[in-house]
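Novice: Take a look at the following structure, please.
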Amino acid sequence: MISLHWCKWSLLGLLILQPLWFIVLSPPEALPQYFVLAVTCLPLLLLLPGCWRLKTRSLVIAGSLLIVYFSIGVMEAWASSADVLPGTIQAILCVAFFMGLATIRRAPASSD
């Protein structure tokens, strides 16, 4: 059963994947590792506390940001033979987040 908890676990998975990808699996050649890790991990780290508590605003902001991560994952999986596995995993984790995000229900409007 899909639930909102998929969001926090997939975000945590993405946060674990980024250092694994850019330190172990495919280190960047043109940019310093610390710069790449800062750019990829800091946005996820900033959103993690709110998403972990399942705050709707944080989840929606994270969903908007994960569109970029999804695009990068698909692009890397498609274009680079060395990054097929991490790119695919990143895209799958983003889709899991979106599926969890789809379970958010709006509060009923108050009739004043």
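The values are calculated or read from the model by the stated rules, or taken from the named source; none is laboratory data. Please read these numbers as outputs of a predicted model, since none were measured by experiment. Backbone-built Cβ (ideal geometry, glycine too); neighbour counts: all protein chains shown. To get the accessible areas, we keep the full protein, side chains included, count just its heavy atoms, and leave off ligands, DNA and RNA. Shrake-Rupley method; radii C 1.70, N 1.55, O 1.52, S 1.80 Å.
Novice: Computed from the mean reciprocal separation of all distinct C-alpha pairs, what Kirkwood hydrodynamic radius does the chain have, in Å?
Specialist: Hydrodynamic radius (Kirkwood, Cα pairs) of the chain is 14.7 Å.
Novice: Give the accessible surface of the chain per residue, rounded to a whole number of Å², with probe radius 1.4 Å and ligands, DNA and RNA excluded.
Specialist: With all protein chains present, the chain gives 64 Å² per residue.
Novice: HN-Hα J couplings of segment 54-61 from phi, Karplus 6.51/-1.76/1.60, θ = phi - 60°, integer Hz, Gly and Pro as x?
Specialist: 6, 6, 4, 4, 5, 5, 5, 5
Novice: In degrees between 0 and 90, to the nearest 10, how far off the longest principal axis of the chain does helix 33-52 point, with axes built from Cα atoms?
Specialist: Compared with the principal axis, the helix lies near 20 degrees.
Novice: Which net charge results when you count Lys and Arg as +1 and Asp and Glu as -1 among the other residues whose beta-carbon is under 12 Å from that of L48?
Specialist: Net charge around L48: +3.
Novice: Any idea which of V68, A102, L37 is furthest toward the positive side of the dipole for the chain, if Lys and Arg beta-carbons carry +1 and Asp and Glu beta-carbons -1?
Specialist: A102
Novice: Would you compute, from DSSP H runs of 4+ residues alone, the mean residue ellipticity of the chain at 222 nm, taking -39500 (n - 2.57) per run and dividing by the full residue count, rounded to the nearest 500?
Specialist: It comes out at -23500 deg cm²/dmol, rounded to the nearest 500.
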